[in-house]
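Comments concern the structure below.
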Number of protein chains: 2
Amino acid sequence: MFEFKYYTPTKVIFGKNTETKVADLIKEFGGKKVLIHYGKGSVIRSGLMQKVTDTLDAAGISYISLGGAVPNPRLSLVYEGIDLCKKEGVDFILALGGGSAIDSAKAIGYGVANEGDVWDFYVGKRKPKGCLPIGVILTIAATGSEMSDSSVITNEEGLFKRGCNSDYCRPKFAIMNPELTMTLPDYQTACGCADIMMHTMERYFTQGGNMEITDALAEGLLKTVIKNAKILVKEPKNYDARAEIMWAGSLAHNGLTGCGSDGGDWSPHKLEHEIGGMFDIAHGAGLAAVWGSWARYVYKDCLMRFKRFAVNVMEVENSGSDEEIALKGIEAMEAFYREINMPTNLRELGVNATDEQLSEIAHKCAIGVSGETGSAKRLKEKDMLAIYTACR
Amino acid sequence: MFEFKYYTPTKVIFGKNTETKVADLIKEFGGKKVLIHYGKGSVIRSGLMQKVTDTLDAAGISYISLGGAVPNPRLSLVYEGIDLCKKEGVDFILALGGGSAIDSAKAIGYGVANEGDVWDFYVGKRKPKGCLPIGVILTIAATGSEMSDSSVITNEEGLFKRGCNSDYCRPKFAIMNPELTMTLPDYQTACGCADIMMHTMERYFTQGGNMEITDALAEGLLKTVIKNAKILVKEPKNYDARAEIMWAGSLAHNGLTGCGSDGGDWSPHKLEHEIGGMFDIAHGAGLAAVWGSWARYVYKDCLMRFKRFAVNVMEVENSGSDEEIALKGIEAMEAFYREINMPTNLRELGVNATDEQLSEIAHKCAIGVSGETGSAKRLKEKDMLAIYTACR
């Protein structure tokens, strides 16, 4: 096992009607002038925005709002948000929505609290030295951004999708009411489940350093998501299943399931980021589409972890050769993706990529990781291209 | 499932030699004048104190120290610490040790940050409105106090042992180097394991509100502790086993394993507190001594949880009646206690209590919980006396 830091300061308020506590929480963390940041307007149509502004009005907290955050949130909107916050003297950002609104809010928070171009932090030129405090009312269980140190932004110029990680952007609070996720399209719900599982799987498939307790927690989390994701295919209004998935989403990405590991693999995320940057697909679906091909490409180099995954998570019978068991685990995972209507290749994802496009994203992916990435197996540009080609 | 709050702001720095980071961490959280609070001097004999003061000296952080925290930490020392901090202008408390030093540090922190008698918070007369910031270098994996909101203090006048819970006292940071636990006597190591497991079991045995993901995490944690506690009986210097136990200790009591539950049962803790208040035994051993009698007294009222525990944690075969399976789980747990040299009754704990003493602690216990406590089964004074009598 490796040395680790674990830091999850986000105050989570979980349960029905918890959104009514938003004003008290903003006050607790010192917010006086709030930017409410949201996405394409579903929070207005659902009535959540009205509830929130009523609560802020009653508490005497002033606010402005900025919508428009989209999946693979755009740098241009981030710049707009930074200008708006500076002009209006905003000291707190409340994100209403899922990963798009939260990641975009974090980027705006970085931009306000630091001098210079915020994109510098995403391409690794500089490190942020602070962030405006962020609060979240979560409406999609997926990215785990509500507790994570991560923010991923797409620069429209060149379609580069890049992430920035720092403790400064970890939200001060996250309000999680599973009922708010019930109006999601089934496809988005399933995408969220795929994303949640991948956050833990990325930390699980490594060459070493794992702790037994971390593995036990990770396996328990993955099995819980699998079980409840299947329930939600048939019963999208099942509160308990929504709650299990929602809490799993936060725990999958707040660091808990990586304690003691070497930091994780993250190749599927890197591979998907470039697909998402070029084709603008849903992140979770992109992960599902690329995972099987990645797994088949790398499993022999990380055989005992894939075997353990097969037995402990996918409940494959522990008989036959290690390779056979590992492969059955990969097949069982792909069968699960299909059961929740997730793609297992690019075609099912709706992407018909040309050879040139695959070469371009493999090249971009390699640049993004400075040539090489991965723990289960180290991947270079040629490996990335082979995986993209295999999942076409 | 129930609504829940999850708030674990403690920054954990885990691994070998992490104690060298203490000065940076104190500075990060604004400490300028530090009280180093410790126990009976093992941190001096081990050389840890010298390491810490060298680091603080090098960083130009001034400090004073106060030793003497004992298991079942005493109110009189807390008063002494409060006076000392006020006189010296202390703004940060660094606890070196385990639950005794940390709980005592928290109480001192309350006393400095609030007017009036600090004991008021422990008997529920008033609620604290703040606490001096606390940092921890952990040397015993047991109480989980390094991440918890809990502090338990014994008032020598009447030997009342009482707890106070609030987010204010959650440590700002916890440095955890498993090597620092290697010099512990085997008995203390085993006591720690018993305590760690009980923190999660208290949250597990409830009448309802449980989340599947919480149960999965709890069961994974318990199995990990059982496995590694057995290893430490034979190999007390096994670093990985020490690390597993140490991290489990924090996760067992930071709130994670209770999310969505009704708050837990906590009767074994309440029952043990009174034994500890009167006889001054090791907390973990006291819990082990009382658990079996408690479990046999209540299991029929919480049968499906005890059955689930038997199968999923103690690996009892899932055949026979629910009652049989549940009882086998209790027996397996007692066998585990014996395997790690923990007592399963008061006699084995070294306590020969008279009828009068048992009546007295049952009475005190009932007063302490305002007459009634428990979730698996509600217990009144007569039930408490029956359990004490059964475990004599």
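Where a number appears in this text, it was derived from the coordinates with a stated rule and is not lab data. Keep in mind the model is a prediction, meaning the values are calculated, not measured. Quick reminder, even Gly has a Cβ in these numbers, built from the backbone with ideal geometry, and neighbours come from all protein chains shown.
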Kindly give the distances from A:K21 to its copy-mates, label point to label point, with each label point 7 Å from Cα along Cα→Cβ, as nm values to one decimal ordered shortest first. 2.9
If you find the alpha carbon centre of the range A:106-181 and of the range B:141-197, how far apart are they in angstrom? 35
Which distance in nm do the two modelled labels at B:N165 and B:K16 give, with both placed 7 Å along the Cα-to-Cβ direction? 3.8
Given a cut-off of 18 Å, name the pairs among A:K227/B:K307; A:K27/B:K129; A:K5/B:K223 whose C-alpha atoms lie farther apart than that in the structure shown. A:K227/B:K307; A:K5/B:K223
By how many degrees, between 0 and 90 and to the nearest 10, does the Cα long axis of helix B:75-88 differ from the longest principal axis of chain B? 20
Over all distinct Cα pairs, what is the inverse of the mean 1/r for the range A:81-232, reported as the Kirkwood hydrodynamic radius in Å? 16.8
Rounded to the nearest 10 degrees, what's the angle between the helix A:381-390 long axis and the longest principal axis of chain A, both from Cα atoms, 0 to 90? 80
Pull up the DSSP beta bridges for the protein assembly as shown and report the antiparallel fraction as a percent, rounded to 5. 30
Rounded to whole angstrom, the alpha-carbon centroid of the range B:324-392 lies from that of the range A:12-85 at a distance of 51
Measuring from the lowest to the highest alpha carbon on each principal axis, how far does chain B reach, largest first, in angstroms? 66, 42, 42
Label position 7 Å from Cα toward Cβ: report the copy-to-copy distances for A:D117 in nm, one decimal, ordered from shortest. 6.6
For the Cα atoms of chain A, what angle does the longest principal axis make with the long axis of helix A:186-204, in degrees from 0 to 90, nearest 10? 70
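With Rg and the Kirkwood Rh both taken from Cα atoms, where does Rg over Rh land for the range A:11-180?
0.94
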In the range A:152-239, GluC sites (Glu not before Pro) in a DSSP loop with at most 14 other beta-carbon atoms within 10 Å: A:E156, A:E157
Output row for A:D167: copy-to-copy label distances, label 7 Å along Cα→C-beta, ascending, in nanometres, one decimal, is 1.8
Jot down the radius of gyration and Dmax of the range B:185-390, Cα atoms only, both in angstrom. 16.1, 46
Rounded to the nearest 500, what is the 222 nm mean residue ellipticity of the protein assembly as shown from helices alone, with -39500 (n - 2.57) per DSSP H run of 4+ residues and division by all residues? -15500 deg cm²/dmol
Once the protein assembly as shown is represented by equal point scatterers at the alpha-carbon sites, with solvent omitted, what log10 I(q)/I(0) does the Debye formula produce at q = 0.10 Å⁻¹? -1.07
Average projected area [Cα convex hull, the range B:297-392], square nanometres: 6.7
Counting all Cα-Cα pairs in the range A:24-83, those more than 17 Å apart amount in percent to 45
Could you give the alpha-carbon Rg of the range A:227-343 over 2.2 N^0.38 Å, rounded to two decimals? 1.14
